[in-house]
Amino acid sequence: MLTKSFEKKRIRIAFSPVGEAFEVTDAAIERNAEFVPDITTLWSHGYRSTARQYLKRLGEAREAPLTQAEEDELDDRINRVHDLRDFRFQIVELSSSTKEEQVADIFVRTNSEGVPLNQADFILTLMSVHWEKGRRELEAFSRAAIDPAIKGTTPKNPFIEPSPDQMLRVAVAFAFRRARLQFVYNILRGKDLETGMVSLERRDEQFRVLAAAQAKVLDLGNWHEFLKCLQAAGFRSRKTISSDNALLFSYALWLVGRIDFGINLPALRTAIARWFFMAHTTGRYTSSPESALEFDLGRIADLPAGDGSAFIAELDRLMAANFTTDYWEISLPNRLDTSSPRSPVLFAYLAALNLLDAEVLFSNVRVRALTDPGVNAPRSVERHHLFPKAFLAKRGVTNTRQTNAIASMALLDWAENAEISDQAPIVYWPVMTEGIPEPRLRRQRYLHALPVGWEQLDYPTFLEKRRGLMAKVVRDGFASIAGESQPNEITTSELIASGEGQTVEFKSTARWNLNTGQVDAKLEHTILKTVCGFLNA
């Protein structure tokens with residue numbers, strides 16, 4: 001067989017006469033006496049020989065010998081599998097005078113039962129009838145993106161292994177400004193969506209439109225220029241992309257901007273990078289993706305042809321409608337309250353670290369250097385529990401959702417992670433930060449969203465404060481795509497606004513009470529005095 005990665009692989013099918021079940025042969029089945037490990041022996045070695053060997057092996061494996069009745073029953077079951085080669089399948093034979101539309105329609109009707117096919121399958125079938133070359137082009141593109149045997153310039157990339165139906169979605173969105181494939185199927189049949197009339201001339205014209213669009217979609221220059229947008233958005237590999245739809249639909253919009261509006265590559269790269277960051281982070285194309293894309297395509301449908309500034313302005317309006325102040329300050333921190341390792345908001349935070357050229361915590365090595373898809377080191381960078389599990393367990397925190405919370409994790413070089421082990425934050429933080437220049441430490445605290453004095457906070461308070469700071473980093477990362485300025489550390493005003501006085505910088509004096517979650521009473525006067533000094537400065 002040919003695997004999804006286009007590697008040739010021989011698989012063996014096993015049969016259990018006892019359970020009357022077929023399985024793909026593996027090491028366990030090889031050892032199981034109840035299975036014929038390879039059914040091809042029923043034809044290559046002869047049915048009788050295989051049956052005798054099977055019954056002998058099964059009898060030896062059982063404590064009690066097989067009865068004659070059992071042997072006859074098992075022999076009969078093996079015989080029925082052997083007779084499969086003579087099984088007569090029912091077929092539907094069409095006359096040579098059958099029209100192409102009828103052939104396609106019969107296929108769709110036949111395959112609408114049993115294992116359901118999606119709308120893309122029906123369109124690909126229609127292409128096989130009316131434009132076989134187009135379907136082969138989609139398949140060749142997808143294969144070249146995966147097959148390691150294909151050399152030279154190919155669609156290979158670190159972000160996606162596209163399938164023919166995925167690239168078809170991009171082509172029909174670009175060609176017809178449609179996302180709902182059920183409409184596209186009828187359009188390609190030559191059906192007028194208003195009158196319901198089918199026209200051969202209309203069908204041929206629609207396939208010409210699709211052919212022209214598909215040529216642009218599969219153009220390797222366009223494809224790789226678009227992929228640069230993902231890099232410009234801070235994403236480095238498939239590991240940090242949870243939505244293929246966000247990628248594919250962003251490509252459709254890139255093509256519209258480039259081909260129909262003539263936007264130059266640098267401006268378009270920035271616009272689509274921002275769009276992908278927004279669409280992926282908010283899950284725009286996760287729920288009802290076709291409806292969302294139809295809406296987006298509709299918003300740009302009436303823009304003046306060739307007016308690139310209008311196209312970009314419309315995307316900016318849509319992004320502003322999603323990335324509101326409430327989203328940054330309320331929705332995003334709330335969405336960060338999860339332990340999912342595949343959360344799009346986690347990936348947005350990691351992308352922001354790349355965009356802001358962040359260092360790994362306690363190191364001068366850049367995050368982007370260790371998360372590059374070309375790095376194959378087995379343990380180059382790890383997500384470390386800032387509050388180790390063993391430390392939390394001693395305090396009664398054992399729920400996985402809490403211990404593995406996104407806000408409890410930070411990127412560390414493997415060596416630092418091993419050195420920290422299960423030590424309490426108040427123990428390892430001063431040790432790990434010793435010798436790090438204060439400006440670098442401030443920047444690392446900002447980028448890794450660590451509240452000042454975080455190591456002495458109670459765990460729930462820490463998580464809440466860190467989620468808010470992580471959201472700020474994501475916002476700053478998004479702003480940096482367009483070259484907007486962003487802070488390089490958490491400002492004093494932000495600390496005061498969040499209830500954290502600058503006095504907590506002085507770790508030799510300020511200490512939190514881990515039981516009450518409050519500052520020791522004897523320090524209150526000093527803290528209030530310092531905060532007031534900042535406010536009056």
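The values are calculated or read from the model by the stated rules, or taken from the named source; none is laboratory data. None of the values given here were measured: they were computed from a predicted structure. Positions of Cβ are generated from backbone atoms using ideal geometry, with glycine treated the same way; all protein chains shown enter the neighbour counts.
Looking only at the stretch 423-439, count every residue that is over 14 Å from Glu455 (Cβ atoms), in contact (Cβ under 8 Å) with a residue 12 or more places away in the chain and loosely packed, with under 14 Cβ neighbours inside 10 Å and tell me the total. Talk me through it step by step, then tell me what you get.
So in the stretch 423-439, the residues over 14 Å from Glu455 (Cβ atoms) come out as 435-439.
The next check asks that each one be in contact (Cβ under 8 Å) with a residue 12 or more places away in the chain; those that pass are 436.
So of that shortlist, the ones also loosely packed, with under 14 Cβ neighbours inside 10 Å come out as none.
Residues meeting the conditions: 0.
In the stretch 189-235, which residues are farther than 29 Å from Thr154 by Cα and either touching a residue at least 40 places away in the same chain (Cβ under 8 Å) or in a helix (DSSP H, G or I) (or both)? Working first, answer last.
So the first thing to find is which residues in the stretch 189-235 are farther than 29 Å from Thr154 by Cα, and the list is 189-205.
Matches in the stretch 189-235: Arg189, Val198, Leu200, Glu201, Arg202, Arg203, Asp204, Glu205.
Quick one: is Asn245 outside any loop (DSSP other than H, G, I, E, B), among the polar types (S, T, N, Q) and free of Cβ contacts under 8 Å to residues at least 40 places away in the same chain?
Answer is no for this residue.
Counting residues that are more than 30 Å from Glu139 (Cα to Cα), touching a Pro at 6+ places or on another chain (Cβ under 7 Å) and not aromatic (Phe, Trp, Tyr), which helices (runs of 4 or more DSSP H) fully inside the stretch 1-75 reach at least 1? First the steps, then the outcome.
Working: elements: 27-31, 41-44, 47-61.
Ranges flagged: 27-31, 47-61.
Any idea how many residues of the stretch 12-38 are closer than 13 Å to Ala61 by Cβ and in contact with a helix residue (DSSP H, G or I) (Cβ under 6 Å, 6 or more places away or on another chain)?
So the answer is 2.
Is it the case that Ala369 is under 24 Å from the mean Cα position of the chain (by Cα), exposed (fewer than 14 other Cβ atoms within 10 Å of the Cβ) and not polar (S, T, N, Q)? Lay out the reasoning, then the answer.
Details: under 24 Å from the mean Cα position of the chain (by Cα): yes; exposed (fewer than 14 other Cβ atoms within 10 Å of the Cβ): yes; not polar (S, T, N, Q): yes.
The answer is yes for Ala369.
When you look at Glu137, is it in contact (Cβ under 8 Å) with a residue 60 or more places away in the chain and among the acidic types (Asp, Glu), yes or no? Can you show your working first?
Numbers: in contact (Cβ under 8 Å) with a residue 60 or more places away in the chain: yes; among the acidic types (Asp, Glu): yes.
Taking the combined requirement at face value, the residue satisfies it.
Within the stretch 217-224, can one find any residue that is touching a helix residue (DSSP H, G or I) at 6+ places or on another chain (Cβ under 6 Å), under 24 Å from His130 (Cα atoms) and modelled with pLDDT of 95 or more?
yes
Does the stretch 157-188 hold any residues that are surrounded by 20 or more Cβ atoms within 10 Å (Cβ to Cβ) and among the charged types (D, E, K, R), and which are they?
Within the stretch 157-188, just Arg169 meets the criteria.
Run down Thr282, Thr338 and say which single residue is outside the structural domain of Met470 (by TED's automatic domain parsing), closer than 30 Å to Thr400 by Cα, of a type outside the set (Asp, Glu) and in contact (Cβ under 8 Å) with a residue 12 or more places away in the chain. If you could, list the steps in order and put the result at the bottom.
Working: Thr338 fails: outside the structural domain of Met470 (by TED's automatic domain parsing).
On inspection, the qualifying residue turns out to be Thr282.
Scan the stretch 215-232 and give yes if some residue there is outside the structural domain of Ala471 (by TED's automatic domain parsing), in contact with a Gly (Cβ under 9 Å, 6 or more places away or on another chain) and crowded, with 20+ Cβ neighbours inside 10 Å, otherwise no. Can you show your working first?
Taking the stretch 215-232 and keeping what is outside the structural domain of Ala471 (by TED's automatic domain parsing), we get 215-232.
Going one step further and asking which of them are in contact with a Gly (Cβ under 9 Å, 6 or more places away or on another chain), we end up with none.
Checking the stretch 215-232: not a single residue is outside the structural domain of Ala471 (by TED's automatic domain parsing), in contact with a Gly (Cβ under 9 Å, 6 or more places away or on another chain) and crowded, with 20+ Cβ neighbours inside 10 Å.
Could you tell me which residue of the stretch 258-304 is nearest to Arg342 (Cα to Cα), considering only residues that are of a type in the set (Gly, Ala, Ser) and surrounded by 22 or more Cβ atoms within 10 Å (Cβ to Cβ)? Explain how you work it out, then say what you get.
At the first step, the residues of the stretch 258-304 found to be of a type in the set (Gly, Ala, Ser) are 262, 267, 271, 273, 279, 283, 287-288, 291-292, 298, 301.
Next, from what is left, pick out any that are surrounded by 22 or more Cβ atoms within 10 Å (Cβ to Cβ): 271, 273, 279.
Details: Ala271: 25, Ala273: 20, Ala279: 16 Å.
Filtering the stretch 258-304 for residues that are of a type in the set (Gly, Ala, Ser) and surrounded by 22 or more Cβ atoms within 10 Å (Cβ to Cβ), the one nearest to Arg342 (Cα to Cα) comes out as Ala279.
Can you tell me which of Leu138, Leu84 is part of a helix (DSSP H, G or I), modelled with pLDDT under 85 and not β-branched (Val, Ile, Thr)?
After ruling out the rest, the residue left standing is Leu84.
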